[in-house]
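Everything on this sheet refers to the single structure shown next.
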C-alpha cells in the first residue's frame, strides 16, 4: 500500500493487535530485521449483534466486500501451491437456490450447525488439515408492500 505512510500503517496495525482482531502468525528474520506475518485472529471478525443492527447499508456492503476479499486471498494462496488437486483436496464452491419455508430453513441451518460443531474442537493430527467452510446465505428480496406477488405486470414490463 504505497499511498499509506508507514507510520500510519503501523499505528493502525497496533490498534488491530490491541483489539485482538489480528495476531502474529509467523516471524521471519530478513537482513537483521524481524518480519512479522499477521492474520485475522480467530473470531476476531465477530461483530456484536447490536453493532450489526446499527450499521448502514453502505457499512454492511463494505464489511461484506472485506469478507469476500479474504476469501479471494485464501483461494489465491491455495492456487499458488506448486501442486494442487481440487477434487482430492475437496475444493468446492456452489450456489444452489433452495425454496424453503422459514421452518425448513431453520431446520437446515440447525442441521448444518450440529454437523459442524461435531468437528470444531478437533485437535491437530498428522492426518488432518484445516479446511475452511464458508456459508453465505442471501435471501430473496421481499416484494415492495405496494406490489404483491400476484400483481399484474406493469404495462411495458415484460419481466413478470
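General remarks:
- Pairwise label distance in nanometres, residue 54 with residue 86, each label 7 Å out on the Cα-Cβ vector: 4.3
- Gyration tensor (alpha-carbon) shape descriptor, the stretch 1-95, a/c threshold 1.5: oblate
- The structure-derived value of percent of Cα pairs over 24 Å apart appears in the list (1) 63; (2) 50; (3) 60 under the label (3).
- Between helix 57-79 and the chain: long-axis angle, C-alpha atoms, 0 to 90°, nearest 10: 60
- The chain: angle of helix 6-18 to the longest principal axis, Cα-based, in degrees nearest 10: 70
- Gaussian network model of the chain, Cα within-10 Å springs - most flexible of 134, 114, 56: 114
- The C-alpha atoms of the chain define a longest principal axis, and helix 102-120 lies at about 20 degrees to it.
- Its alpha carbons considered, the stretch 58-107 gives a radius of gyration followed by a Dmax of 16.0, 45 Å.
- Highest-fluctuation residue, 88, 115, 29 considered, GNM on the chain with Cα pairs under 10 Å: 29
Values in this text are rule-based calculations from the coordinates and carry no lab data. Note that the coordinates shown come from a computational prediction; the quantities given were computed from them, not determined experimentally. FYI the Cβ positions are ideal-geometry reconstructions off the backbone, even for glycines, and counts take in every protein chain you see.
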